[in-house]
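Here the structure comes first, spelled out in structure tokens, and everything after it is commentary.
The values are calculated or read from the model by the stated rules, or taken from the named source; none is laboratory data. Note that the coordinates shown come from a computational prediction; the quantities given were computed from them, not determined experimentally. Note that we place each Cβ from the backbone using ideal geometry, even for glycine, and neighbour counts take in every protein chain shown.
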Amino acid sequence: MIRHRSYVVPLTAVLLALATGVALGAGPLTDTRSSASTAPRVVTPAPESTYPDLFAASVAQNLYRDGLSRRPVALVTLPGADPATVAALTSQVKAAGGQVAGTYAVDPQMVDAQQKSLVDTLGIQLARQVRGATSKDATTYSRIGQLLAVAAANPGRAAEQPDDDATAVRQSLAAAKLVTMPAGGPPTAPLVLVVLGDPVDQTMADGLVDGLAHGARGVVAVAPTQDAVLAALHTDGVTRHVTTVDGSETSAGRVAAVLGLVRAWTKQGGAFGASGSDGAVPLG
């Protein structure tokens, strides 16, 4: 113990002497003109606008915890959906352990008011052919949304190979140029991620998104910050069983959207995101 103390005291004295010399400009360091006495390094912080995105990208995988593992997702895009956003969302689904089973691109004709008669007529014909797939009181766009769910989704717990009904609906929607179908006849998926694009008639948006929820285990709809169509989904009551997330142009918003998919496996509904009335992030 005595030997240990003899080392500690001189070492402490040296450190104090060095510290005093640096602080006061005295002592041996003042005469060395060492390059070590240069000005301290200045760290330039990231711009405030990028920090939330950097933070979200850094913590995303820890938040996901493989929450989409073995949980396929069908991606439905509306006309005008930003391709970069769609690609980034696809990457985030993979980061959460999931995979996009297929991408279904709603064509402009589907949401063209002048083509409502076509949408209505085809929807009625398909509803008769695919019995039990649509509700009796479904309106034009709710009906076509429910039929799109037959083509893309299922209410179960795993991917399912498309049956005759799904195949028939896919072929009919594609032939009418209402939806561009994914190649290869992919399986249907329990979870659906809807990416909004250009402004559309609110009745159409309500019907399509609400109709998809009719045949899926969970549906999440995303759009840029303060998107009026997305906000009205909440006003119109669609968020009782569909989760909405705005802010899809940011990493934070995309992470929140994928967390919405994780949550939708067991709990549906709510408005989240940059201006969501139920909070910023759909957790629990």
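Per-residue answers, yes or no, for (1) under 20 Å from the mean Cα position of the chain (by Cα); (2) assigned to a helix (DSSP H, G or I):
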| residue | (1), (2) |
| --- | --- |
| Val150 | no, yes |
| Pro162 | no, no |
| Ala166 | no, yes |
| Leu193 | yes, no |
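A Cβ distance below 9 Å, combined with a sequence gap of six or more or placement on separate chains, defines the contacts here; from segment 198-225, residues that are surrounded by fewer than 23 Cβ atoms within 10 Å (Cβ to Cβ) reach residues that are acidic (Asp, Glu) and assigned to a strand (DSSP E or B) in the pairs Pro224/Asp246; Thr225/Asp246.
Evaluated against (1) within 28 Å of Val258 (Cα to Cα); (2) crowded, with 21+ Cβ neighbours inside 10 Å, Leu126 falls short on exactly one condition, (1). Within segment 74-99, being within 16 Å of Tyr64 (Cα to Cα) and free of Cβ contacts under 8 Å to residues at least 60 places away in the same chain holds for Thr90, Ser91, Lys94, Gly97, Gln99. Among the candidates Leu147, Leu173, the residue that is within 23 Å of Val200 (Cβ to Cβ), assigned by TED's automatic domain parsing to the domain that holds Val73, in contact with a Ser or Thr (Cβ under 8 Å, 6 or more places away or on another chain) and buried (at least 19 other Cβ atoms within 10 Å of the Cβ) is uniquely Leu147. Of the residues contained in segment 105-114, one or more are found to be within 19 Å of Pro186 (Cα to Cα), in the same structural domain as Asp236 (by TED's automatic domain parsing) and either among the basic types (Lys, Arg) or assigned to a strand (DSSP E or B) (or both).
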